[in-house]
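I have placed the structure first, in the form of structure tokens, so that the comments after it can refer back to it.
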Amino acid sequence: MFVRVLLIAAVVTLLGWSLLIRDSDGAGRPQSYVVQPGDTLWSIAAARYGGDPRAGVWRLQERNGLVGTTITPGEKLVVP
């Protein structure tokens, strides 16, 4: 009997919790950046991300499908 009550309470709790949970908008929309003359992935990563710019360069490459590090002025990059 106690196990049934405990199981029913757990199911009711999970159902109630699933109704109250909402998506977080904390991440926001992805931002874009238009490459300026003289910009490099390194300079963009250093300006946009804290810490080691290498991680930022990798994130920019992954998000934008870049194979190398070559970017051109006027190119629009998505900044994660």
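The values are calculated or read from the model by the stated rules, or taken from the named source; none is laboratory data. In this text the structure is predicted, and so the values were computed from the model without any measurement. Cβ atoms come from the backbone with ideal geometry, glycine included; neighbour counts cover every protein chain shown.
Data overview
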{"read-out": "The stretch 36-58, residues that are in a loop (DSSP other than H, G, I, E, B) and buried (at least 17 other Cβ atoms within 10 Å of the Cβ)", "value": "Asp39, Tyr49"}
{"read-out": "Tabulated pairs, the stretch 54-76, first on the phi < 0 side of the Ramachandran plot, second surrounded by 14 or more Cβ atoms within 10 Å (Cβ to Cβ) and not in a helix (DSSP H, G or I), C-beta under 6 angstrom, 6+ apart or interchain", "value": "Gly56/Tyr49; Arg59/Pro80; Arg63/Pro80; Asn64/Leu77; Ile71/Val35; Pro73/Val35; Glu75/Val35"}
{"read-out": "Answer residue from the stretch 1-29, given it is part of a loop (DSSP other than H, G, I, E, B) and either surrounded by 10 or more Cβ atoms within 10 Å (Cβ to Cβ) or of a type in the set (Lys, Arg) (or both) and is modelled with the lowest pLDDT among those", "value": "Arg22"}
{"read-out": "Residue list for the stretch 59-69, filter: farther than 11 Å from Val79 by Cα and surrounded by fewer than 13 Cβ atoms within 10 Å (Cβ to Cβ)", "value": "Gly65, Val67, Gly68, Thr69"}
